[in-house]
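A quick write-up on the structure given underneath.
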Amino acid sequence: MKNYIKYLPFLALGVISCEPELDNPVDEVGFYSNGETDFSNFVALGNSLTAGYADGALYITGQENSYPNIMAQQFAKVQETQLFTQPLVNDNAGGLLLAGNQITANRFVLAVGANGSPRPQIYTGMQPTTDIANVLSGPFSNMGVPGAKSFHLVTPGYGDVSGVPVGTANPYFVRFATSPSSTILADAAAQNPSFFSVFIGNNDVLSFATSGGVGVDQTGNLDPSTYGMNDITDPQVFASVYSTIVNTMVGTGADGALVNLPDVTSIPFFTTVPNNALVLDAATAANLTGFFQAVAGIFAQGAIQQGVDPAVAQALAAQYALTFSAGPNRFLIDVPVSQTNPLGFRQMTEDELLVLTIDQAALAQGYGSVVLTPEVLQVLGILQTGGQPTPEQAQLVLAAVSGVDDKDALDKDELSAISTAQASYNATIKALAQANGLAFVDARATLAQVANGGIPFDGGVVTSQFVTGGGFSLDGVHPTPRGYALVANTIIDAINATYNSTVPKVNIGAYGTVTLSNDVQ
Amino acid sequence: MKKLLFLAVFALTTAVTYAGGYRVSLQGQRALAMGHTGVAVVNSAELGFFNPAGLVYLENKLNVSVGGFGVFSDVVYQNVETGDFARTDSGVGTPLYLYASYKVTDWLTAGLSVYTPYGSSVEWEDDWAGSHLVNNIDLAAIYIQPLLSLKLNEYFSVGGGPIYVTGSVNFNRNLNRTLTDIDGNRAEVTVDASGVSNWGWSASAMFSPTEDLRIGFNYRSEIILEAKDGDADFENIPNSPLTPFEDTQFDAELPLPAELAVGFSYEFCDKWLFAFDYNMTFWSVYESLDLDFANPNIPDSQNARMYEDSSIYRFGLQYETNDMFTLRAGYYFDESPVQDGYFAPETPRNDSNNFTAGLSVNVNERFAIDASFLYSRFKEIDASYDFYFENGQAVPFSGTYKSSAFVPGIGITYKL
C-alpha cells in the first residue's frame, strides 16, 4: 500500500487544477482599465431619467435598469468599487402614497384589450405600497429625482414632506433627503464621490412641452421661485445653477460626465399622433370644404355688416376657406383671437405637434376639425340651396369649428421657444464640460439617431416608435431598459474617450422593452 | 525502477480526454487508465462494453467488474466586449458501470453489462448571459445489455447482444433574452422527461493472430430516445394573451449516436501491453434539438445542432510491476462533433487532449482494486452559437470558453 500512497499527490494536483481558467479573465482586476480616473465611488445627479423612471412611474425593475446602475455594474468590472446604492421604491406597481393616500399614478403596462389590440393601460395588479413618509436612510449613489428641474438641485426644502401638498417639495426626494432642509446637490457632494454624472435640464423645457405649451417662457425672469410648474427656465438661471452643480461636484475632487439634453420634441410623446391624422373619404372632404366656404362666407358677411371694409373682410375670410382632400388632412388648432385671426383657429402647419395624451376618441368625433351636429347640417343645407340663415344659425356654424386646444398641441411659437432654450442649455453644458475637462456626452445626437432610422443592435433596431420601437416606455417620454442601456453606453463611450479608460459597454439586446400585463381594469 | 520512471513520464506527457458532445467515455477503470482503450484488450469483464467478443477469452469462470467515477467538469465563459463572465457549477457527476461474464463452455460465455455512455450535467448561474440558450441541463442514459461471446476458433471470436436503454432529461432555459413577469423575474421553461426507453444492439469481433497481438472491432447501434408527453413547466410568464405560455406536455427526440471502435493490443517484453483504439461516433444524426409542445398556442422550439461524425484516437500502456501492482497510462485525442457557429453552451465541448493513468492492486488472486484518473485539457476557444432567433433575426451568442474535466475513478474486479 505504501507504493499506492505516492500517487496521491497526483490526485491532489488534479483536483486543484480542475477549475478551468482563461488566459485573460475579464473578472481579474486589470483586464479593463479605469484610465486616468477613478470609478470607485460613483454618484449620479439628475431627474427621472437618472432615477430609472419609466412607464409613467418609478418602480423597482425600472430603477434596477437605470443608466447609472447599468454604468455602475460596468464600472465594477473595471475596478473595485463601492456598492452603488439606489433609493428603491417598494414595489413594481409604481404609485406613491402620502400618509396612505395615493398621490401619483401606477405605472403603465401593455395590455391587450377585448378587441385583441394591445395598448398601454394603468397597472392595477397590486396596490402601491411606497409611502413617501417612510424616509430611507441614505445617502444614495443614485441621486436622480423624478420631476426635478435644474434649479431644484440647489433648492433647500425640496425634500421637505410638508412642501409636497403645496408643490414646493418633491415626493421622490422626500423619500431619501438626508434632512428636510437639505438639497439634492448637497446630499450628492457630501458623499465625496470619485466620479459623478449630471443629466439635468430636461424638465426645464419638458413640462412646458408635455403640457402643450400652456406654461410661460420665463426667459428674462431670473427668479425661479416665481416659475410655474410648466414654465421654461430662463437660460441664465440654468447656466448659473448648472455651473454651481459642476463647481460643487468638481470641488470634491471628482471627475465626471455631463450629459446634454436630447430634443424633447423627438420623443414618442410628440411623434405618435400625427397632425394630419384627419383621414377623409372624398365625400366627407368635399363636405368639409363646403363647410369652411360657408364659414368664410358667414364671417365675411358678418364683418361687412359690422362695417369692415369689404375688401379687408374678404381677405380675412379667405383664411377660413380651408380645403380638404381625400386622404390625410391636418387638424385645426385654436389660436388666440387676434385682429388677423378674428375667429381664433387655423389649420396646423407641417412641423407642429400633437401630444400623445390627446383624446383620440374625441378626434374621431370631430375634435380638431368640425363637430357636425344635425342642427349644423341643417344650416349648411339652407346655405347650399341659396337660403339666408339667421344670425343664430350662422353662429351655430362658427361654433361647430372645434380646433385642438393649446394643451394638446405644440405650435410653431412654442416649438421655437423650446428649441431656443434647449440650444442655450446645451451650449452651457458643453462649455462647462470643456472648461472643467469633464466628459461631454452628446445624448442629443444619440436620441436623434434613435428617432431618425434607429440604432441597430444584435436583435434588431431600436427606434422611438411608440410601444414597438424598443427605445421608449409606455409613457412616451422615458426610455425602456433597452433605451437606458443605450444611454449608459453613450456615456461610457464619452468617459472612455475622455479618461482613456476601457469600461466595457453592455449589449443592449439583453435589456427588455415594454412590460406586458393584463392586470388592468 | 527505470521502467517505473518511464511510465510516470508517459503519464505526464500524454493525455486522456473527456468525450465530445454528451458522450461520456468512462466505461471502466482499467480501460480509462489506458486512454479508454479496450477493443482489443483482454484483461477483465470491462470487455462487456469494449468488445464482448473478447469475453470468451477470459480465463476464469466468473468475472465481475464494478466501479464508478467522480466527474469534476466545469466551463468558464466570458465576453470581453461586455465584461460578461460566467462559470458553471455543475456538481459532481457519478457515472457507474457493472460488467459480469460467465463462462458457460470453453467456447461460449454469457454476460451482462450495465453502463452509462451518454450524459451531461451543466449548470450555469441562473439568468447568466447565455440563459436564453441554457440555464442547466441534466441528461442521463443507462444501458443494460445481455451478451453472448462465441469463440469460433483459436483465432477468432464474435460477440454482442441487445441493449435496453432508459434515459432521462431535465433542461431549463429562459424563453428569450428579455421577457419577464411584472417583478422582473425572467420567463423560463423547464422540460423534464424520465423513464424514456428504447432498444439497440451491439456486435463485435476479436481476432488473435498470435499470442501477443489482438485485433478488435466493436459496433454499437444508434438509439433514439423518444420522449413522449414529457412535462414542460413554464414559469414567470407575464399575464398577457401575447405570451400564451402555460404548462404543457412536449415530445422530443434525443439521439444516442452509434459508435464504431477498431483497434489492437500488443504485449511485449513480457510485462508490457500497448493498446490503440480508434473510435468513430456517428454524431451527424444529431441535427436539431426540437421540442414539440402539445399546446398548439405555444410555438415549438427548434434548436439547430448539426453535429458532425467525430473521431477519437486512443493510446494506452500497461505495465505489470509485480503480482500485486499493475500500472497503466494513456492518452487520447477527442475531436469535437460541434461545427463552427453551433457551439451551444449546454454541451460546450471543443477538441480535447486527454491524459489518463491508473493502477490495479491485486489484493488476492480473486479480488483487485482498480483506480484511474483522467484529466481533460481543452484549449481556450472563441466560439458562437449562431442559430438563436429573435423575431426572425439570428442573434449569435458568442464569447470565449474554456472547459476542464478531472475524473478520478475507483472500482473492483472479481474473478472466480
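Rule-based calculations on the coordinates, nothing more; no lab input. Keep in mind that this is a model prediction, so the values were computed, not measured. Note: ideal-geometry Cβ built from the backbone for every residue, glycine included; neighbour counts use all protein chains shown.
Of note:
- Cβ-Cβ FRET estimate between B:Asp231 and B:Ala110, R0 fixed at 35 Å, reported to 0.05: 0.35
- A simple rule links phi to the HN-Hα coupling: the Karplus curve 6.51 cos²θ - 1.76 cosθ + 1.60 with θ = phi - 60°, which for segment B:64-73 gives 10, 10, 9, x, x, 10, x, 9, 9, 10 Hz, with x for Gly and Pro.
- Residue-by-residue Karplus 3J(HN,Hα) for segment A:297-308, coefficients 6.51, -1.76, 1.60, Hz, glycine and proline x: x, 4, 4, 4, 4, x, 5, 5, 4, 7, x, 6
- Local electrostatic count, B:Gln393, Cβ distance below 14 Å [Lys/Arg +1, Asp/Glu -1]: -2
- Cross-link partners of A:Lys412 among aspartates and glutamates (Cα-Cα below 20 Å; sequence separation of 8 or more within a chain): A:Asp204, A:Asp217, A:Asp231, A:Asp234, A:Asp263, A:Asp334, A:Glu350, A:Asp351, A:Glu352
- FRET E, pair B:Glu211, B:Ser288, Förster distance 41 Å, beta-carbon r, rounded to 0.05: 0.25
- Per-pair calculated FRET efficiency, R0 = 51 Å: B:Trp201 and B:Lys379 via Cβ, rounded to 0.05: 0.90
- Positive contributions from Lys and Arg (+1) and negative ones from Asp and Glu (-1), summed over other residues with Cβ under 14 Å from the Cβ of A:Val29, come out at -3.
- Length gained when the stretch A:Ser162-A:Ala133 is fully extended (0.36 nm per residue, less Cα-Cα span): 9.4 nm
- Links that overshoot a 27 Å alpha carbon limit, given the list B:Lys271/B:Lys379; A:Lys505/B:Lys402; A:Lys149/A:Lys407; B:Lys228/B:Lys402; B:Lys271/B:Lys415: B:Lys271/B:Lys379; B:Lys228/B:Lys402
- Length gained on full extension, B:Glu390 to B:Leu242, computed as 0.36 nm times the residue gap minus the Cα-Cα distance: 51.8 nm.
- Gain on full extension, evaluated as 0.36 nm per residue between A:Ala286 and A:Ser243 minus their Cα-Cα distance, stands at 9.7 nm.
- Reach of B:Lys61 by Cα under 14 Å, taken over aspartates and glutamates that are not fewer than 8 positions away in the same chain: B:Asp106, B:Glu365
- 0 to 90° range, to nearest 10: angle between helix B:2-13 axis and chain B longest Cα axis: 20 degrees
- Other protein chain C-beta atoms within 10 Å of residue C-beta, averaged over B:84-94: 2.
- Amide H contacts of B:Thr180 (H built 1.01 Å from N, under 5 Å, at least 5 apart or other chain): B:Ala187
- Model label points for A:Ala364 and A:Gln306, set 7 angstrom from Cα along the Cα-to-Cβ axis, are 3.8 nm apart.
- Chain A - share of DSSP beta bridges that are antiparallel (%, nearest 5): 50 percent
- Annotation: the residues B:Asp84, A:Asp519, sorted from fewest to most other C-beta atoms within 10 Å of their own C-beta, follow the order A:Asp519, B:Asp84.
- Shielding score for B:71-81, defined as the mean number of other chain Cβ atoms within 10 Å: 4
- The simple spin-label model puts a point 7 Å past each Cα toward its Cβ; for B:Asp126 and A:Gln388 those points are separated by 8.5 nm.
- Label-to-label distance, B:Asp251 versus B:Tyr278, with points set 7 angstrom from Cα along the beta-carbon direction: 4.0 nm.
- Each residue in A:Ser197, B:Ser120, A:Ser338, B:Ser284 was given a count of other beta-carbon atoms within 10 angstrom of its own, and listing them fewest first yields A:Ser338, B:Ser284, B:Ser120, A:Ser197.
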